[in-house]
Structure formats: structure tokens, C-alpha cells
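All remarks here apply to the structure that follows.
Each reported figure results from applying straightforward, stated rules to the coordinates on display, with no laboratory input. Quantities reported herein were computed from a predicted structural model and do not represent experimental measurements. Virtual Cβ from ideal backbone geometry, glycine too; neighbours counted across all protein chains shown.
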Amino acid sequence: MLNRSNLHNYQNKLIERIKEKKKLALWVDMGGGKTISTLTAISDLLDDFYNNKILIIAPLRVANTVWKQESEKWNHTKNLNISICTGSKKQRENIINSNFDILVINRENVPWLIENNKWEFDGVVIDEVTSFKNPASKRFKALKKVLKFTKTVITLTGTPTPNGYKDLWSQIFLIDQGERLGRTVTQFRNRFLNQNMYSQYVYDLKPGAENEIKQLISDIVITLDKNDYPELPEKIELNEYVFLDKKLMSEYKNLENEFILNLQNNVDITAPSQATLGMKLLQFCNGAIYDEEKNVHNLHDLKINMLKEIIEENQNENFLIAYNFKHDLDRLLKAFPSAEILSKDAEIINKWNNGKIKILLAYPGSAGHGLNLQKGGSVILWFGLNWNLEYYQQFNARLYRQGQLNSVRIIHLVMKGGIDEKIIIALNKKAKTQYDLLEYIRCNIL
């Protein structure tokens, strides 16, 4: 059993800042100890009678496993009375009426909790607050009603701006009720953003707005990244390229330029819009494509064969493999019959962390938050890339986090000359925007 003295110096200082501020955004890189630092801080606040009841809001899988399991690892948090409020309505009602100090609920049930129960929480922790970035969502509107009555508000994320600064307003509003960036999202947009001339749904920062936003929020944001705690091993990012033959490349270019792909069996694959085209090109890169009836047409096995080579050359490694489409998963399972699929079942996670799974297949959109998989392996393979920076960074952080003992290799399977290459560039560009923001307001707590 770990004790508080095992916490690193930077984490203890982080805990003191949380207790001092009470209402803040904690932007700590994935795997940086957000969970235990927050648990320790709220444990102290409960012991000091500053808070009486704490609500923790998290993604479903994280709510069911991470917070309670993490508290039980440490001597100073193992006695926290934590109840998990997920499941059926009847199960949730029974939990609500029980005795607890900390209630953990999944974000989908936040509106139910607030609309059907008396608000008795004087502290709220929002894990992965970017899931509240849409101010029109039911979960945001429900929280908006009660947080002004809440003494302690802590929001957590490692990816505050996965799509740029437009994502910040709601995250900051949940802390300060609009004091810094505007009482409404319209005020925020009018002050800091210009509507893109090519799309009514795209907003660009006005000149000077970036620095102004940074200055306004710097007093309620605490940031760290892995450079602040050098005990993590090396992270190595690699691109492994596959090459289409002339015929396949010609077909790819025709789809890219003409929005249509003519298959040999007299089936045409059409892309009626740019968004659909992007998805079709991603599928083409991976080796299979859907037609309009959702039938799957295999195009090539280049990435499958590359994957086989990598696994064959690294027989002592376990592999966490990210896939994008259902046909990717089907083809991977056919190529690797012993592979297992990451699910909500905690047994799969335990099996992986005990080194008993050679190949674990996972969809980044459902495996990106809070899962501790660093014990089971140190190689991530991106069979298929996607544009979502948050998915990308969060998924990589399942292995590259505290407790990882080996250098982590992140390997992208990239089709040369295809949309894969553009995604790599786009992800790096978005990551730089986010990094610049974090760097500006990074606190010196070391």
C-alpha cells in the first residue's frame, strides 16, 4: 500500500495549490497524476470540514473503475467513502440515498442527478472537462444551474484546446461563471473570435485575442507537462510507411479528385461531400472501404502485412493497437485470432496489465480517458489515424504515463502519399497550439 510520502514533490505542491485556489482548472498532461493529486486535496478539504460532500463527474469507464481503484492504492486515501453512481435508474437512486463522502457519476447522468435530486454537493470535480465544451448540451446546462452554489470546483484535462481556443469558454465558465471570458458564449465569440468567411461553424481568433485570453485565465489555471517531472521514460514516435502500387494509387487519386471509386465488381463508391470523402480516403488507406449499403470491399492488406512484420520482429513486446472502423477491427481479428478487444470489462484491463495479452485492440474514442494500461506494454500501433487531437493524445497516454518503466514507442502506419500524411501534419499543428497555451500559463511549482 502506497503512502503520501511516495508522492513526488511536484504533486505535493500541486495538492497545496488546489487546496489554496478551491476553484481552478488543472491542465496536467495525461499520466501526470491528476487523479491522486485531486483525491489527496479533496481528502484534506473533507478532513478540514471545508467540504462535506464531493461529486466527481467522469467518463463512464473511468467512473466505474479509476477513481475508487486509485483511492484504494494509497494509505492516506483508502478510507475515503466513495460510492459509484452508474447503472440503472433504480441502482442510482439507491446509491444517492446511501451514505457517502464522494459520489462518482458518469457525465451522461449529470442532468438526471441535478434535475431529480436535491443538490447537496459543496465540491465538484469534472474529469475530462472538454466533454462539457458544448454550451448547448444538457450536461453543461444542468451543471450551470448548480455550480454557482458550489464552494470547490476542480476541472481536469490534459487536452484543454483539442480544436483551438473556441473550446475554452465553457470550461472556464464552469469555474468562474463567466467572469473572465464572458457571461455567454456569444459574448465570448464577439469579443475574441471572427467567423470564418468560408464556414459559419468555424471561428478564428481576432488579432491579439490569444494573448488576452491567456492573461485572463492564467490565475485560475495550473499547468504541468511531462517535462516538469522527468522520471518518465523516453517517448519515441515513428512513422512506418506503406506504398500503394501504381494501379491502387491511381484509384486513390481518382477518389480524391473525382469523389468516386470504381471497383472491379461494378460497384461504385461515391463521396457526396468533403466530409464523406475524408472518411472514404481514411478507409482506403487502411485497406477496406464501405459502400452506400455498408458492405465492405477489401482493397489491400498493406497495413495488415506491415503490422505482422512489426509484431514478428518484436516478439517480446505486447501491442496496444488503435483502429478506426468496424471493418478495421474485423480484419485485424482475422489476421490476429488471439488478439483481444478492450472493453468495459475490468478483467480485460487486469489481464493486459498482468502481461497476459499480446495484442489488445482498442477504439481511441472509447479508450482515451483515465485508463491505466502502462503495466501491460510499451508499444502503441496506430493502424488507422484520425483527426481528433484529444483522442490521439489521450490514447497515447494510456501507456505513456506514471508507472511506465520502459521507453514508449508510438508507431503510426502511414500510407505514403495518402491522407494519413496530412493527418500527421494536422495533429502536430493542433498540438503546437495547445502547447503554446499551456506554456504561457504554466505555473512554477517545482
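What does the helix-only formula give at 222 nm for the chain: each DSSP H stretch with n ≥ 4 adding -39500 (n - 2.57), the total divided by the residues, and the result rounded to the nearest 500 deg cm²/dmol?
That comes out to -12000 deg cm²/dmol.
With a cut-off of at most 13 other beta carbons within 10 Å, and DSSP calling the residue loop, which GluC sites (Glu not before Pro) in the range 249-335 qualify? Please list them.
Within the range 249-335, the qualifying GluC sites (Glu not before Pro) (loop, at most 13 other Cβ atoms within 10 Å) are E292, E293.
With Cβ to Cβ distances under 15 Å as the rule, what net charge do the other residues near W74 carry (K, R +1; D, E -1)?
+1
Cα gyration tensor of the range 4-230, axes a ≥ b ≥ c as square roots of the eigenvalues: rounded (a/c below 1.5), prolate (a/b > b/c) or oblate?
The shape class here is oblate.
Of all DSSP beta bridges located in the range 4-230, what percent are antiparallel, nearest 5?
Taking every DSSP beta bridge with both residues in the range 4-230, the antiparallel ones total about 10 percent.
Note down the relative contact order for the chain as a percent, whole number, built from C-alpha pairs under 8 angstrom at least six residues apart.
17
Need the full-extension length gain, N116 to E240, defined as separation in residues times 0.36 nm minus the C-alpha distance. One decimal, nm.
In short, 39.4 nm is gained.
Scale the Cα Rg of the chain by the rule-of-thumb value 2.2 N^0.38 Å and send over the ratio, two decimals.
For the chain, the normalised Cα radius of gyration comes out at 1.03.
Based only on other Cβ atoms within 10 Å, what is the fewest-to-most ordering of S343, S43?
Listing S343, S43 from fewest to most nearby Cβ atoms yields S343, S43.
Ranked by Cβ crowding within 10 angstrom, fewest neighbours first, how are R398, R4, R331 ordered?
In order of increasing Cβ crowding within 10 Å: R4, R331, R398.
Going by how many other beta carbons lie within 10 Å of each one, how would you line up V28, V153, fewest first?
Ascending number of Cβ neighbours within 10 Å: V153, V28.
Given the convex hull over the Cα atoms of the range 109-185, what projected area results after averaging over all orientations, in nm²?
Answer in nm², one decimal: 4.9.
Taking N as the number of residues in the range 294-423, what is its Cα Rg relative to 2.2 N^0.38 Å?
Dividing the Cα Rg of the range 294-423 by 2.2 N^0.38 Å gives 1.01.
Which percentage, to the nearest 5, of the DSSP beta bridges contained in the chain is antiparallel?
15
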